[in-house]
Amino acid sequence: ERGTTVESSLASFQSESFSYTAIDTPGNPDFVKNLLSVTSMADVAVLVVPAAPKEFEAAVDSGRARELALCCFTMGIKSIVVWVTKIDDASLEDPSARFEEIKKVVTTFLKEVGYKQKDVPFVPVSGLHGDNLATKSSEMGWYGGKSALEVLDEMGPINRPAEKPLRLPVLKVHEDEEAGTVIVGRVETGTIRTGIKVIFSPGGQLAEVRSIQKDGQRVNEAKGGDIVGVSLGAAVKARSLQRGMVASFLTNDPAADAEQFLAQVIVLDHPGRITNGYCPSIAVHTAQVPCEFEELVSKIDRKTSKESEASPESAKPGEVVTVRMRPCKPVCVEAFSAYPSLGRFAIRDHGRTVAVGVVKEVTKRPIPKHKPSGANEYFDG
């Protein structure tokens, strides 16, 4: 079914080698903020570009395809695959030549945004007819590579540190008649089990894990990389939780609200200069909040990674700066060195991604004391 994706949606499928959770995300520039909320949950990005005449050129000339790739790289997706769809368009005189043309253009801007894969896989597909998705298609005799699913399988398993403390950013919250309040998100690190108590930050809401759903099946535990639905029962009200909160264990390095943090920021595409007091929106894991550039601490030489100027007055595109940042609304971030997926962020302004950064140090607020379910220190009132 064709149309414009506004919010993300999840679907599970299985190959002979792996179980997958596909996250369909918006490509329309008006909904990039929704894209940023879910890209941190993915291990592999699939960039879908159309081969149809004028459609590919429009996606490239508008900068839309490049920004999608930049968002994926910024939010930590190290591997990317390109599906060239509509390769069976009747107006294409030579599908093979068109495929090679697209491959050349896309490879160039993927390298520009940071992807260093020696051979980014490109797969021609027909989404309408399913050609070359699960198995090789006889309709594309000119293509000598593997099917889309075979290419994904070749990327192998993703390993995450299960020994680290739990971090589970919340993507969605809803109420179920039987399960009560349910949160959906990906376990970034650690393990979550039924029967244990977790704390949600910011806010300090405590809850007991009643049940866990993974790939449509009830399980007793989930580990790093698993996208899960976690039932918290009826005692915790859905209104006390929201996207962008992070679940952790109260007794094992709990996540906490960031009072301020030190970050290293690369300015990419800002129309002017960034100065102290600048207050754009940042996207970090599943959260999006306004955040003030409280102090430009130093400029960093991109070649040597050493400080080149202390207390600069401003920063312009192409420059790297160390910045002290203060969230204008509650948010949980972590040092990139400890929890990479909670320590990288994109900065949005003027309808586009203007800078990217990583968190170096965090000053955290004290963990709020436990309150009755439904109460929320930061979000109520």
Original post:
What's the center-to-center distance, using Cα atoms, between the stretch 225-286 and the stretch 113-183 in Å?
Top reply: 24 Å
**OP:** Rank E295, E307, E67 by mean-square fluctuation in a GNM of the chain with C-alpha springs under 10 angstrom and give only the top-ranked residue.
**Re:** E307
**OP:** Specify whether the C-alpha gyration tensor of the stretch 9-155 places it in the rounded, prolate or oblate class, a ≥ b ≥ c being the square roots of the eigenvalues: rounded for a/c under 1.5, otherwise prolate if a/b is larger than b/c and oblate if not.
**Re:** oblate
Original post:
Is it possible to state the helix-based mean residue ellipticity at 222 nm for the chain, with each DSSP H run of 4+ residues giving -39500 (n - 2.57), the sum divided by total residues, to the nearest 500 deg cm²/dmol? What is it?
Top reply: -4000 deg cm²/dmol
**OP:** For the chain, give the magnitude of the charge dipole about the Cα centre (Cβ charges: +1 Lys/Arg, -1 Asp/Glu; no others), in debye to the nearest 20.
**Re:** 1100 debye
Original post:
Rounded, prolate or oblate: which one fits the stretch 167-249, using the alpha carbon gyration tensor with axes a ≥ b ≥ c (rounded when a/c is under 1.5, else prolate when a/b beats b/c, else oblate)?
Top reply: rounded
Subject >> Of V246, V267, V356, the one that fluctuates the most in a GNM where the chain has Cα springs shorter than 10 Å >> reply: V267
Original post:
Which residue, chosen from V320, A310, V284, occupies the Cα position most advanced towards the positive end of the dipole of the stretch 281-329, where the dipole is computed from +1 (Lys, Arg) and -1 (Asp, Glu) charges on Cβ about the Cα centre?
Top reply: V284
Original post:
Looking at the square roots a ≥ b ≥ c of the eigenvalues of the Cα gyration tensor of the chain, which shape do they give, rounded for a/c under 1.5, prolate if a/b is larger than b/c, or oblate?
Top reply: oblate
Original post:
In straight Cα distance, which lysines are under 19 Å from K316, not counting same-chain residues fewer than 8 positions off?
Top reply: K299, K303, K306
**OP:** Can you put S308, S138 in order of Cβ neighbours within 10 angstrom, beginning with the fewest?
**Re:** S138, S308
Original post:
Of the residues A42, A22, A287, which exhibits the maximal mean-square fluctuation in a Gaussian network model of the chain defined by a 10 Å Cα contact cut-off?
Top reply: A22
Original post:
How do M140, M41 rank when sorted from fewest to most other Cβ atoms within 10 Å of their own Cβ?
Top reply: M140, M41
**OP:** Could you tell me what percent of the DSSP beta bridges with both partners in the stretch 9-155 are antiparallel, to the nearest 5?
**Re:** 40 percent
Original post:
Quick one: which of K116/K329; K54/K223; K111/K197; K86/K111; K78/K214; K136/K164 span more than 32 angstrom between C-alpha atoms?
Top reply: K116/K329; K54/K223; K111/K197; K136/K164
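No lab work stands behind these numbers, since they all come straight from the coordinates. Predicted model, so just to flag it, every value in this text is computed and none were measured. Glycine also receives a Cβ, built like all others from the backbone with ideal geometry; neighbour counts cover every protein chain displayed.
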